[in-house]
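A.B. asks: Please find one structure pasted underneath; my questions will follow.
We did not get these values from a lab; they are worked out from the coordinates using the rules stated. For clarity, every value in this text was computed on a predicted model and none was experimentally measured. Cβ placement follows ideal geometry from the backbone for every residue including glycine, while neighbour counts extend to all protein chains displayed.
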Amino acid sequence: MDQDLAFDEIPDYPRRRAMIACEICRSRKSKCDGSRPKCKLCIDLNAACVYREPGVKLDAGDKIILDRLANIEALIQSKFPTLSQADSSTAGPLALPAEQGRTVGNGPGSIPLSGFGISQAAMNISTMPKAHTTPALHLLQWPCICDLVTSPCDPQVLLQLEMTRPPLDLRSHYPLDLSDLCSSIYTRAFFGKVNVWYAVVNPHSWNELYRTASLNSFRSGPESCVVLLVFALGQAAHTDTSTAHASYDGRPPGTAYFEAAWQLLPTLMLRNNVMSAQCHILAAAYLLYLVRPLEAWNLLCSVSIKLQLLLSSSSPLPSAEARNLLERIYWNTLMFESDLLAELDLPHSGIVQFEESMPLPRSFPLTPISPSPSSSAPAPSPGSDEIWYFLAEIALRRLLNRVSHLLYSKSLSLASLAPLVTELDLQLTQWHNHLPPSVQFPIRPSSSLPDEALDPVQTVLRLRYHACRTIIHRPYILYVLSSATPTVGNSTSHISEACATGLESAYIQISLLSSHRAGHVPYLYQGFLSLVSQTLLLLGASLHTELRRLMPVRKEALVKTVDSVRIELNTLGRLAPSLEVSGGILGDAVDRWKERISGVEW
């Protein structure tokens, strides 16, 4: 099956209605009167009335995301008529300008930004808000959880620690092994264990790329930079466990190759082309592996500017492969930035303004296999172009952004919370149901399918699923913790169910410590803070009489799991000051928690 049809597993949609219907009427399956500027239904709902431009085609995977987004937009507009004004008032300085005739893309297939068919409110809903309360340390302000810390902790402390962190010493200290053996090992490791996360290097054109870099002695040109960064990430993946990464004496695997690539980046930083952006995104990926979030963010900002220039330019890209590569770099940049914004209060780069008009990635075109330099025999491709995970992660990241925007950027009443949680949970369920079989995973661990039977992609997707499921239902747990009167009972069964669901997913996530190691190359920093967040949530819930009855495991099992998490975080905390402080806060909270639950059973 072609990988550019990654979501062909999705069932067929009903026959399309006439193109004259606006987006709101489409989402509600209502007959639209086609009135301009607003149809009757949108006037009644006080909603933005947007008509899709003819000729805009959506990928199957993106279509379900946008259709569900239209549903939730209509729901929000009907419940909160002032949301559009609030969203527009918080838009950043690089928000999409309403310019007539401005397009995204090159050539005849370019797409007009004005009147594209997706309202600005929809764009904002599917992106990270400027201010939100999803980060781990925000839980320290919650009832019950705040009792476990000895002094108030500013959520900004993690960013401050990273800002004052000593810089990386990137002078070349180590010999560079460019032998055929090492090159082969690290290339295979990259395409087998790293490119699956980022899908940003074309395996079909790798041999030509490597040949060009070799002719330049790996000392100049973007090809040399890409190859060296592939080796750096390949060596990191070849080590196969990032817990060992913490014990390296100042030299994590891949350092020598990264330092050599870093010497080439200043020249590439001044270029505004696709390969320069590719080098920067690979360097950012390695910096995230080193748990250097701010350094990675600086490179992401550079990538963002390059992409915005390329996407705004009327000059066509040289090939379909270059356009495909640009799309993949774009989605990597957007996901990297969203992950960092979810934990740190960083400025937005402006890359999100192109999100709704950016196609989902397609498979790289197959290129003729050229002979290797040493023989007339064709050089085989080092790997396949796997994009299943990449597509699934794009959809999930957009859903996570909507969760942060809708549930964590403003105060919500219990009545307004219910329909939003129901809708977002439905979107998450649909995301899981529509995963292709090759990346499908069981939601709960089972003896019939042990964790060892899952590949790293399935393992990481399951962790991301449970992280999303927890934060969708977390507001209900806060509601119960904050209520002075009993809130869990027969008359409020939906509250009980939501709390139980959130607590179950939180526990599943922290109980799968070995699974977290499968995603250490792409998600070490985010995974660490997610463990802190979910553990704090479970500690606080177990101190509450009503929530204690909803805990997914007995006390002994939770204590054992929490102790394992604490040991793991102590090991990884040495990688970054922000992680060390987070782990220390959790460790102190665990000590106080054990004192509080002494003599309590559930």
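A.B. asks: What is the set of long-range amide H partners of Cys22 at a cut-off below 5 Å, with H atoms built 1.01 Å from backbone N?
C.D. replies: So Cys22 has HN proximity to Gly34.
A.B. asks: Taking the Cβ of each residue in Ser184, Ser338, Ser505 as the centre, tally the other Cβ atoms inside 10 Å and list the residues starting with the fewest.
C.D. replies: Listing Ser184, Ser338, Ser505 from fewest to most nearby Cβ atoms yields Ser184, Ser338, Ser505.
A.B. asks: Now a separate question. For segment 440-573, count the residues as N, evaluate 2.2 N^0.38 Å, and divide the Cα radius of gyration by that value, please.
C.D. replies: Rg over 2.2 N^0.38 Å, computed on Cα atoms: 1.07.
A.B. asks: Compute the relative contact order of segment 170-379 as a whole-number percentage, counting only Cα pairs closer than 8 Å that sit 6 or more residues apart in sequence.
C.D. replies: Relative contact order here is 20 percent.
A.B. asks: Follow-up. Would you order Tyr479, Tyr523 from fewest to most other beta-carbon atoms within 10 Å of each residue's own beta-carbon?
C.D. replies: Result, fewest neighbours first: Tyr479, Tyr523.
A.B. asks: While we're looking at this one, here's another question. Can you tell me which of 418-430, 283-295 comes out highest on packing, and rank the rest after it, using the mean Cβ neighbours within 10 Å?
C.D. replies: Ranking, from highest mean packing down: 283-295, 418-430.
A.B. asks: Related question: Across segment 170-379, what fraction of all alpha-carbon pairs, as a whole percent, falls in each successive 5 Å bin from zero upward?
C.D. replies: 1, 7, 15, 20, 20, 17, 11, 6, 2, 0, 0
A.B. asks: Considering only the other residues whose Cβ falls under 14 Å of the Cβ of Ile585, what net charge follows from Lys and Arg at +1 and Asp and Glu at -1?
C.D. replies: -3
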